[in-house]
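This report concerns only the one structure given below.
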Number of protein chains: 2
Amino acid sequence: MLDLIATRRAGGKHSADDLAWLALGAARGEIPDYQLAAWLMAECLRPLDLDETAWLTQGMAASGRRLDRTGLPHPWLDKHSTGGVGDKTTLVVLPILAACGLTVVKMSGRGLGITGGTIDKLESVPGFRVNLTPEEMLAQAARVGIAEAAQSEELAPADKALYALRDATGTVDSIPLIVSSILSKKIASGAEVVVLDVKCGSGAFMKSEASALELARRLVETARRCGLKAGALVTDMRQPLGRTVGNALEVREAISALKSPDEGRFCRLCVLLAAHALLMGEVAATQEEAEARAREALAGGGALAKAKAWFEAQGADAAVFERDDALPTAPIRRTLTHEGAPAFVEALDAGIIGEAAVELGAGRASKDDAIDPAVGFEFHAEIGRRLVSGDPVATVHAASEADAGQALGVVRQALSLGNRPVTESPLVLTTL
Amino acid sequence: MLDLIATRRAGGKHSADDLAWLALGAARGEIPDYQLAAWLMAECLRPLDLDETAWLTQGMAASGRRLDRTGLPHPWLDKHSTGGVGDKTTLVVLPILAACGLTVVKMSGRGLGITGGTIDKLESVPGFRVNLTPEEMLAQAARVGIAEAAQSEELAPADKALYALRDATGTVDSIPLIVSSILSKKIASGAEVVVLDVKCGSGAFMKSEASALELARRLVETARRCGLKAGALVTDMRQPLGRTVGNALEVREAISALKSPDEGRFCRLCVLLAAHALLMGEVAATQEEAEARAREALAGGGALAKAKAWFEAQGADAAVFERDDALPTAPIRRTLTHEGAPAFVEALDAGIIGEAAVELGAGRASKDDAIDPAVGFEFHAEIGRRLVSGDPVATVHAASEADAGQALGVVRQALSLGNRPVTESPLVLTTL
């Protein structure tokens with residue numbers, strides 16, 4: 001390990017064997033934390049190159065069990081988002097893909113900080129079981145086309161060990177380490193095609209377009225070197241995605257999109273992500289065909305039917321598709337309205353809203369915090385919207401009046417108004 | 001700690017309070033090893049500046065007890081060598097300074113790798129006690145002018161904690177960390193004037209003159225910022241210092257120098273180091289006066305008398321000053337002689353000799369190794385010497401014939417001969 005540390009410190013090149021050894025040693029707890037920490041910091045300042053990133057990714061993927069999808073129809077799909085505020089696309093993209101005849105097996109994480117997690121959203125649904133064994137996942141996917149569960153500790157255990165240490169040593173934000181963390185889990189979960197949603201803006205890990213684009217490029221190129229077919233969209237996270245932020249609120253919004261899709265940003269992004277997956281998986285030949293199929297699956301009710309089958313298979317109360325109050329509801333709702341002269345929404349800062357959601361209890365400040373599934377925000381305006389006096393801007397769903405008051409104050413900070421028309425911000429910045 | 005790691009990673013500036021907190025936390029074991037390791041690696045790649053180095057040094061010095069020399073005459077002297085092969089100057093410099101009327105209290109380390117340690121040399125003397133309490137040291141210094149002991153764990157405990165971690169994480173060779181390690185111990189041991197011998201060459205930590213000079217400058221400047229008066233000599237370590245390498249052999253050479261000083265490199269360096277201390281401590285006004293006093297103390301027998309009093313005070317067998325065999329002797333002695341045409345010694349590589357000495361058992365490959373006090377090398381030639389056939393080059397003192405044969409083979413590798421005259425290599429490269 002001292003040799004590996006010295007090589008990294010000097011910016012030298014590791015071999016594939018070195019990095020496989022490091023990943024396995026980390027997974028098995030055989031390398032002291034302080035040596036891994038020194039290596040991780042050296043990596044942040046002397047980053048791995050593309051070869052090394054791919055070798056580390058493969059080493060991490062091989063550090064535990066690999067989900068064997070043999071018997072499921074190809075392409076073996078997966079989808080990943082780097083995390084944002086109000087990002088509930090998985091709940092709609094998976095049903096669209098299943099309605100297009102594909103089979104999706106996916107593992108997701110819980111939220112941390114301003115970033116929500118799909119598992120937290122699903123857990124807000126009464127009865128929904130997120131802890132499936134790999135065998136249960138495969139059986140369910142074969143039966144209903146979709147299986148979605150919490151990350152298994154058996155897959156890519158090196159990632160769990162390295163991530164915990166990165167979190168504790170200020171070494172999270174290194175592109176090669178982020179790339180290997182994301183892709184090692186996808187490879188270990190048996191994917192052969194993965195569509196990546198790289199979020200960009202104040203509500204995302206990557207704040208600037210340049211850094212998001214760099215991450216997207218590295219993800220796609222590293223995936224290619226690992227034999228994984230990947231495509232990526234770099235998408236806007238300057239404002240929250242869709243109308244809601246908060247777990248049950250987002251499930252409600254996803255169900256509403258499945259039942260009555262519209263032309264809003266959330267539905268459009270779900271269609272584009274699904275279309276990109278169809279294209280990457282060579283299920284559609286052109287972007288137009290892919291989009292048409294995804295749109296038809298959503299508009300024609302196929303996706304809704306698949307979502308119902310999926311939720312039911314994982315034990316969810318089917319009433320959530322019928323009645324809003326079948327999902328947890330917060331006792332207090334307060335709405336902020338616009339007062340005064342007409343104005344245009346110039347910004348609704350996703351980073352600030354994300355922090356306010358954590359404060360409300362919708363997210364976690366640290367790993368072991370409990371969350372409140374019912375609380376969050378509902379937005380009635382987005383960037384570009386013209387507001388006149390009395391128009392609602394946002395409704396906070398809170399556990400107490402005090403929380404609601406504080407949260408509405410933060411929404412005021414997140415909101416910038418101007419008196420000139422504002423163009424809508426672009427939804428997709430780049431497609432790779 | 002995460003803030004400190006982030007600052008270091010970004011190459012930002014720590015405050016004095018930050019670094020005092022880090023040193024204390026390291027000393028008390030309150031900061032997890034993996035966080036310290038990440039910080040240390042970030043420091044290697046984004047080094048501390050002069051302010052920060054001084055603040056860390058002061059924080060480390062304040063992390064434990066400080067030896068209080070109140071009552072001992074000023075200047076409160078100390079001497080430090082960065083370590084070399086055959087470096088036994090302390091055994092002669094301390095007696096010279098005491099003979100000049102000064103009082104020296106010094107703590108030393110044990111050897112590791114090719115670098116010898118004064119404590120190992122003293123322990124080769126039958127009866128010599130190296131574990132003195134701070135109180136015993138002060139009382140002895142007041143009585144006989146010299147006290148020399150193994151590093152106390154009560155002084156600068158942050159250095160012990162950080163050094164162990166640096167050793168285990170490939171972060172030893174950072175100049176700010178080396179400087180703070182050396183000087184924090186000097187400050188904690190109550191010194192106000194310190195003379196530094198920065199070794200340079202294959203047998204030293206700093207191989208190049210530029211790096212040794214950089215270390216010397218940083219040491220002197222950091223000391224100044226910490227209120228410690230320091231001077232430094234950058235001295236040659238391309239070949240071993242003096243005639244011997246090995247613990248008892250070096251004690252014998254030092255006693256011989258005290259009894260019958262000559263004009264060889266070892267005696268000359270002892271005089272120059274003592275003179276620099278006299279000058280730095282403002283005991284002598286000029287270099288000439290300082291050298292004359294040091295030379296007189298050595299030639300006039302004053303230093304020998306002080307050495308005897310010192311050794312006796314620490315329990316040593318006085319016979320070591322009378323009989324060679326009062327010190328441990330090795331059972332096997334084998335001499336390499338020059339054969340063939342006359343030739344000049346172009347090199348006698350100190351690094352190679354140092355490694356051979358470790359192999360023989362005179363030094364430690366790792367911290368917990370035992371050493372053999374009797375073994376080592378005696379050299380009959382140095383760089384520039386003309387050899388004719390039959391001239392002895394080196395005698396190895398070994399525990400077995402096999403060891404002796406192997407060691408002589410290594411001496412042959414360390415030795416380069418040429419047929420043109422070679423100028424003696426300079427002893428002192430720079431004086432600061």
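The values are calculated or read from the model by the stated rules, or taken from the named source; none is laboratory data. Not measured: the values here are computed from a predicted model. All Cβ positions, even for glycine, are placed from backbone atoms using ideal geometry, and neighbour counts span all protein chains on display.
Points to keep in mind about this one:
- Test: residue in region A:342-350 that is at positive phi and either surrounded by fewer than 17 Cβ atoms within 10 Å (Cβ to Cβ) or in contact with a helix residue (DSSP H, G or I) (Cβ under 6 Å, 6 or more places away or on another chain) (or both): no
- Residue match in region B:408-418 (condition: in contact with a Ser or Thr (Cβ under 8 Å, 6 or more places away or on another chain), surrounded by 14 or more Cβ atoms within 10 Å (Cβ to Cβ) and touching a residue at least 40 places away in the same chain (Cβ under 8 Å)): no
- Total residues in region B:120-155, condition assigned to a loop (DSSP other than H, G, I, E, B) and either out of contact with any Pro (no Cβ under 9 Å at 6 or more places or on another chain) or without any contact (Cβ under 8 Å) to a residue 24 or more places away in the chain (or both): 9
- Evaluation of B:ALA370 against (1) free of Cβ contacts under 8 Å to residues at least 24 places away in the same chain; (2) touching a strand residue (DSSP E or B) at 6+ places or on another chain (Cβ under 9 Å); (3) not basic (Lys, Arg) (one fails), failing number: (2)
- Residues of region A:1-54 that are aromatic (Phe, Trp, Tyr) and within 14 Å of chain B (Cβ to nearest Cβ): A:TYR34, A:TRP39.
- Total residues in region A:43-67, condition out of contact with any Leu (no Cβ under 7 Å at 6 or more places or on another chain) and buried (at least 20 other Cβ atoms within 10 Å of the Cβ): 6
- Qualifying positions in region A:383-407 - within 26 Å of the chain's Cα centre (by Cα) and on the phi > 0 side of the Ramachandran plot: A:GLY384
- Selection of region A:194-210 for residues being surrounded by fewer than 23 Cβ atoms within 10 Å (Cβ to Cβ) and of a type in the set (D, E, K, R) yields A:LYS207, A:GLU209.
- Some residue of region B:217-225 being away from chain A (no Cβ under 14 Å) and either in contact with a Lys or Arg (Cβ under 9 Å, 6 or more places away or on another chain) or modelled with pLDDT under 95 (or both): yes
- One residue alone among A:GLU355, A:GLU382, A:GLU339, A:GLU359 is in a loop (DSSP other than H, G, I, E, B) and out of contact with any Lys or Arg (no Cβ under 9 Å at 6 or more places or on another chain), and that residue is A:GLU339.
- Any hit, region B:64-83, residues being within 30 Å of B:GLU355 (Cα to Cα), hydroxyl-bearing (Ser, Thr, Tyr) and more than 14 Å from chain A (Cβ to nearest Cβ): yes
- Qualifying residue in region A:178-190 (condition: surrounded by 21 or more Cβ atoms within 10 Å (Cβ to Cβ) and either within 14 Å of chain B (Cβ to nearest Cβ) or of a type in the set (Asp, Glu) (or both)): no
- Among the conditions (1) surrounded by fewer than 22 Cβ atoms within 10 Å (Cβ to Cβ); (2) in a helix (DSSP H, G or I); (3) modelled with pLDDT of 90 or more, the only one that B:LEU162 does not satisfy is (1).
- Any hit, region B:149-156, residues being among the small types (Gly, Ala, Ser) and under 30 Å from A:LEU36 (Cβ atoms): yes
- Scanning region B:310-336 for residues that are of a type outside the set (Val, Ile, Thr) and surrounded by fewer than 16 Cβ atoms within 10 Å (Cβ to Cβ) turns up B:GLU312, B:GLY315, B:ALA318, B:ALA319, B:GLU322, B:ARG323, B:ASP324, B:ASP325, B:PRO331, B:ARG333, B:ARG334.
- Test result for A:ALA370, within 26 Å of the chain's Cα centre (by Cα) and not basic (Lys, Arg): yes
- Entirely in region A:189-285, the helices (runs of 4 or more DSSP H) that have 3 or more residues that are without any contact (Cβ under 8 Å) to a residue 40 or more places away in the chain: A:209-225
- Single residue of region B:140-177 satisfying the filter (more than 14 Å from chain A (Cβ to nearest Cβ) and within 19 Å of B:MET206 (Cβ to Cβ)) that is farthest from the chain's Cα centre (by Cα): B:PRO176
- Residue within region B:90-109 that is within 30 Å of A:ARG9 (Cα to Cα), at pLDDT below 90 and assigned by TED's automatic domain parsing to the domain that holds B:ALA204 present: yes
- Members of region B:15-39 that are aromatic (Phe, Trp, Tyr) and over 20 Å from A:ARG9 (Cβ atoms): B:TRP21
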